[in-house]
Amino acid sequence: MSEPPLTFSGSPAILIERLIAVVGEDHCLSRPEELFTYGCDGLTLDAHRPSVVVLPKSSQEVAAAVAICRELGCPFVPRGAGTGLSGGATPLFGAVVICCSRMGEILEIDAENRIAVVQPGVVNAHLSRAVADLGLFYAPDPSSQQACTIGGNVAENSGGPHTLKYGTTTNHVLAVEMVLPDASTVRLGSPTGFSPGYDLVGAVVGSEGTLGIVTEITVRLMAIPEAVETILAIFDDVPSACRLVGGIIRSGMVPAALEVVDQRTIRAVEASVYAAGLPTEAGAVLIIELDGAACEMEGQLARIRALAENEGVRDLRIAENAEERTLFWRARKGAFGAMGRLAPDLYVHDAVVPRASLPEVLEEICAIGDRYSLKLSNVFHAGDGNLHPNISFDRRDPDELARVLAAGREMLELCVRVGGVLTGEHGVGTEKRDYMGMLFSPDDLDAMRRLRDAFNPDGLCNPGKLIPTTRACMESNPKARGYDEVPLE
Amino acid sequence: MSETSPLFDLDPSLLDDSLDCVHCGLCLSACPTYRITGRENSSPRGRIYLIRGAAEGKIELGGVVAEELGLCLGCRACESECPSGVEYGAMLEKGRAAIADAGLRKGWAYRLEGFALRRIVAFPRRLHAAFSLLGLAQRLGMDRVAGLLLPFVDYARGLLPRVPRAAARRRLPAFTPAQGERRGRVALLEGCVMAELFGDVNRATVRVLARNGYDVVVPEGQGCCGALHAHAGDLSTSRRLATKNVEAFALPGGEPVDAVVSNSAGCGAALGETDQWLPGRGEELARQARDVCEWLDEVGLRAPSGSLAARVCYDDPCHLVHAQGISSAPRRLLSAIPGLELVAHADAESCCGAAGTYNLLQREMSQRVLEPKLDALAAADPDWIATGNPGCMLQIEAGVRARGMAARVVHPVELLDRAYAGSAPGES
Ligand SMILES: Cc1cc2nc3c(=O)[nH]c(=O)nc-3n(C[C@H](O)[C@H](O)[C@H](O)COP(=O)(O)OP(=O)(O)OC[C@H]3O[C@@H](n4cnc5c(N)ncnc54)[C@H](O)[C@@H]3O)c2cc1C
Ligand code: SF4
Ligand code: SF4
């Protein structure tokens with residue numbers, strides 16, 4: 001079993017010189033202030049300074065950089081856009097950051113076979129934009145899609161509002177090329193979607209950068225549906241909105257998306273550049289999107305209307321055209337960031353519960369927020385039971401920070417207790433690594449560790465993520481690790 | 001956390017401003033310098049983090065922080081994406097001012113810029129004299145000679161058009177009466193670069209406003225809006241210039257106006273933010289400030305009956321679309337011209353790289369920022385490229401010429417003016 005590597009203790013000068021020879025001086029960052037900005041991803045609480053940052057342009061450069069790290073015994077961590085929310089791209093142990101943001105080319109679009117081949121640094125939304133004229137789109141649509149990279153999406157198995165109907169990233173990745181931690185380059189899967197033998201693409205998707213660096217991705221494209229209807233169901237409170245979600249699913253309909261936005265979130269968004277005219281007096285809004293054949297729409301709308309009236313809906317608003325629909329979705333997707341209006345920091349939680357328990361779990365989560373006197377808001381993928389309780393706070397207030405962490409832990413425990421899991425789409429990273437024992441037995445975790453070690457035997461690739469480091473640590477019923485114990489950089 | 005870092009001491013408000021950023025990263029791919037470099041430290045989020053780090057005393061103020069604030073275009077595309085309402089443009093100006101105050105804005109190019117802005121641009125007569133001199137040098141071919149000796153002059157020469165003859169650079173009439181049914185009275189900001197290099201645009205603006213039923217006054221005593229100074233970190237000169245304009249535009253000619261109109265996006269954005277520069281005194285001017293396209297769209301354009309058969313790409317000036325949120329008004333106006341076909345091009349909302357004095361100070365990045373726009377324009381292949389800011393007009397025109405493209409760059413009001421000219425007199 002691999003132990004975590006020690007902090008890099010070799011000569012930074014040699015490391016830098018060798019890496020410059022690979023990527024060129026302009027794409028190798030080593031001044032302290034430059035490194036400072038790579039200390040964290042979207043989870044700013046836990047920041048560590050990397051030794052060096054390199055920005056390769058090709059698979060070959062990635063492989064060469066990995067070879068150097070390996071030879072010098074320096075840990076390394078892949079990074080995309082750094083929008084991750086669980087510390088996946090945070091460089092622990094003085095790791096070298098290998099950032100794919102310059103690998104942003106769409107290499108091939110094959111409309112007939114409905115696939116695209118992309119470099120990992122392609123921004124998620126750019127792919128859908130590039131294929132729109134062909135009547136196609138790339139289905140996984142995380143709310144961060146205007147910024148996050150497909151490489152990051154693969155590593156986190158990202159989802160989005162439309163996961164309900166279309167599935168997460170893993171359902172859309174057919175093949176990958178990746179540089180393994182031993183610097184070899186392999187191709188896994190097949191563009192046909194059928195690949196004999198172990199489903200290694202399945203293992204790589206969601207591996208959070210611990211199995212190697214993905215350097216090319218073949219994804220499935222979908223046909224843009226003939227008709228789309230986006231409906232806002234306006235409610236007095238969140239539990240009623242959740243009950244409508246249950247009703248719709250029970251009815252057998254499969255909407256493209258079912259998203260709940262609560263009042264605090266609506267107000268923050270409506271004060272922002274993403275304002276879409278959402279009703280600021282509503283207790284909650286359920287965004288319902290239907291897509292499919294044009295002839296199906298009317299019937300489904302009528303059924304939704306009847307179900308919504310049963311749940312005491314205050315009003316139903318239907319997007320009048322594509323522009324209004326875009327506005328609604330921009331508002332939904334700007335929601336996390338808009339919470340920045342309430343306080344300097346935002347802790348975005350992520351957990352999944354069985355859909356039927358949504359109303360009760362949400363009431364309980366709000367009670368936890370109240371008990372710790374926190375500013376809590378909820379905006380979530382209700383159709384999937386994927387919750388995002390968001391806590392707005394100021395990390396400079398140690399007391400508030402402690403309450404944020406304690407409340408977060410209670411919320412996770414609650415979700416696991418009702419049969420849910422620790423994360424739906426933001427990953428484990430450093431954030432939830434020590435909670436994995438809540439969900440998995442030591443043997444379960446050992447199986448994961450053995451898989452990781454098969455790819456990453458000396459543990460240099462993204463160390464300290466995803467899996468608790470030793471058996472002892474995970475067996476001792478891990479306590480919430482206080483972020484104050486972790487050096488800020 | 002230290003509250004005595006050099007940056008915090010120079011401007012404590014920067015720390016507060018930086019706290020508005022929640023590090024979500026939604027602004028990243030909107031940022032031209034990030035798109036080109038892929039570097040976090042050259043992204044809006046990275047720059048804000050650097051400012052916060054410097055304010056909290058975690059990193060040095062000079063070096064990377066100063067470089068990155070220099071490499072930023074100030075295009076404010078990041079603000080258009082920021083759900084958290086970070087006022088990045090204001091932070092950039094304050095950050096640059098602090099860096100200048102700390103003596104960290106180094107190098108001959110910055111010194112020359114500071115001199116030109118403070119001693120020449122700030123004074124309309126001196127600026128006029130400087131352009132006259134440049135025009136003379138151009139006519140005598142001296143600029144070419146100087147260009148052979150100094151590469152920088154050669155580069156700058158490529159960006160500047162020939163200075164128009166004196167007739168095109170004379171001041172606008174102090175008063176132009178409305179035509180047709182009178183709808184009101186507006187004041188016009190002449191601008192400095194506009195007046196010197198684009199006198200024709202100014203004259204077209206007056207005619208179009210008059211055609212739309214407005215008396216147009218051009219108040220005495222107005223001057224440069226101070227935007228270039230603020231972007232260069234010289235906020236005190238900006239405030240001084242803004243004070244003069246507040247006075248000049250308060251009751252020009254002794255009568256109130258319905259709006260203070262500008263045809264330069266950069267100047268318009270500055271006028272609209274006078275309240276932030278001059279709290280307590282600048283509110284009225286900020287409230288009245290309108291871009292000419294915004295104003296015509298707001299009051300309702302008198303549709304021209306003359307037609308203009310041409311394919312036109314409209315390119316958004318950053319200080320119109322991102323700083324003022326205006327993007328559909330100019331497009332609506334152009335679409336109202338009979339015969340004109342508005343052609344969409346990719347990249348219309350991203351910066352052209354002119355960015356005030358940026359194309360002189362950051363030559364390489366400026367050119368790299370321009371390239372994708374030229375690619376998109378070449379693909380759309382228009383007859384005209386319409387954009388409403390003098391810096392953008394110069395930069396795009398220079399790029400288009402260098403590529404040998406046939407399209408010519410105009411201000412949207414010039415196309416309206418042409419269309420009106422084709423209308424029978426009296427009708428519009
Ligand atoms: C406002 C906001 C909204 C969000 N909404 C959603 C949402 O709706 N759904 C969702 O699923 N997530 C969401 N996220 C989380 C985040 O955007 C996703 O996890 C995203 O996939 C991260 O992509 P990235 O390019 O930013 O990756 P990074 O944050 O840079 O990295 C994420 C992980 O991927 C690894 N990695 C990056 N590139 C590679 C590569 N080429 N090869 C191997 N490993 C790599 C890193 O090591 C790290 O572990 C949101 C985040 C924000 C800030
Ligand atoms: S102003 Fe423009 S260049 Fe500067 S950070 Fe914002 S988007 Fe980037
Ligand atoms: S979008 Fe706004 S809040 Fe988000 S990282 Fe950029 S500046 Fe910060």
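For residues that are assigned to a loop (DSSP other than H, G, I, E, B), closer than 19 Å to residue B:416 by Cβ and touching a helix residue (DSSP H, G or I) at 6+ places or on another chain (Cβ under 9 Å), tally how many sit in segment B:265-302.
2
Mind counting the residues in segment A:447-472 that are of a type in the set (A, V, I, L, M) and open to solvent by less than 10 Å² (accessible area, probe 1.4 Å)?
1
Of the residues that make up segment B:171-185, is at least one open to solvent by less than 10 Å² (accessible area, probe 1.4 Å) and modelled with pLDDT of 90 or more?
yes
Taking helices (runs of 4 or more DSSP H) that fall entirely within segment B:1-112, which contain at least 2 residues that are within 15 Å of ligand 2 (Cβ to nearest atom)?
B:13-18, B:32-37, B:44-55, B:63-71, B:77-81, B:88-101
Of all residues in segment B:202-215, count the ones that are more than 20 Å from the chain's Cα centre (by Cα), among the hydrophobic types (A, V, I, L, M, F, W, C) and either crowded, with 24+ Cβ neighbours inside 10 Å or at positive phi (or both).
Count: 2.
Sort out which residues of segment B:63-84 are touching a residue at least 12 places away in the same chain (Cβ under 8 Å) and facing chain A (nearest Cβ under 9 Å), and write them in order of number.
B:64, B:65, B:68, B:79, B:80, B:81, B:82, B:83, B:84
Quick one: residue B:226 ticks every box in (1) at pLDDT 95 or above; (2) open to solvent by less than 20 Å² (accessible area, probe 1.4 Å); (3) not acidic (Asp, Glu) except a single one, so which number is it?
Failing condition for residue B:226: (1).
Can you find a residue that is buried (at least 23 other Cβ atoms within 10 Å of the Cβ), within 14 Å of another protein chain (Cβ to nearest Cβ) and more than 21 Å from the chain's Cα centre (by Cα) anywhere in segment A:241-261?
Among the residues of segment A:241-261, not one is buried (at least 23 other Cβ atoms within 10 Å of the Cβ), within 14 Å of another protein chain (Cβ to nearest Cβ) and more than 21 Å from the chain's Cα centre (by Cα), which makes the answer no.
List pairs: first in segment A:368-386 and under 17 Å from residue A:282 (Cα atoms), second β-branched (Val, Ile, Thr) and open to solvent by 10 Å² or more (accessible area, probe 1.4 Å), Cβ under 7 Å, 6+ apart or cross-chain?
So the pair list comes out as A:378/A:238.
Just one of A:109, A:98 is part of a strand (DSSP E or B), buried (at least 24 other Cβ atoms within 10 Å of the Cβ) and more than 10 Å from every other protein chain (Cβ to nearest Cβ); which is it?
A:98
Would you check which residues across segment A:192-213 are within 21 Å of residue A:463 (Cβ to Cβ) and of a type in the set (D, E, K, R) and list them?
A:208
Provide a single number: the residues in segment B:221-240 that are among the hydrophobic types (A, V, I, L, M, F, W, C) and over 16 Å from the mean Cα position of the chain (by Cα).
1
Only one residue in B:289, B:303, B:336 is open to solvent by 10 Å² or more (accessible area, probe 1.4 Å), modelled with pLDDT of 95 or more, hydrophobic (A, V, I, L, M, F, W, C) and over 21 Å from the mean Cα position of the chain (by Cα). Which one?
One residue alone meets the criteria, B:336.
Could you list, in sequence order, the residues of segment B:13-53 that are open to solvent by 30 Å² or more (accessible area, probe 1.4 Å), free of Cβ contacts under 8 Å to residues at least 40 places away in the same chain and away from ligand 1 (no atom under 16 Å from the Cβ)?
Scanning segment B:13-53 gives a single hit, B:16.
The values are calculated or read from the model by the stated rules, or taken from the named source; none is laboratory data. Here the structure is a predicted model, which means the values were calculated and not measured. Virtual Cβ from ideal backbone geometry, glycine too; neighbours counted across all protein chains shown. SASA here: full protein model, heavy atoms, side chains in, ligands and nucleic acids out. Shrake-Rupley method; radii C 1.70, N 1.55, O 1.52, S 1.80 Å.
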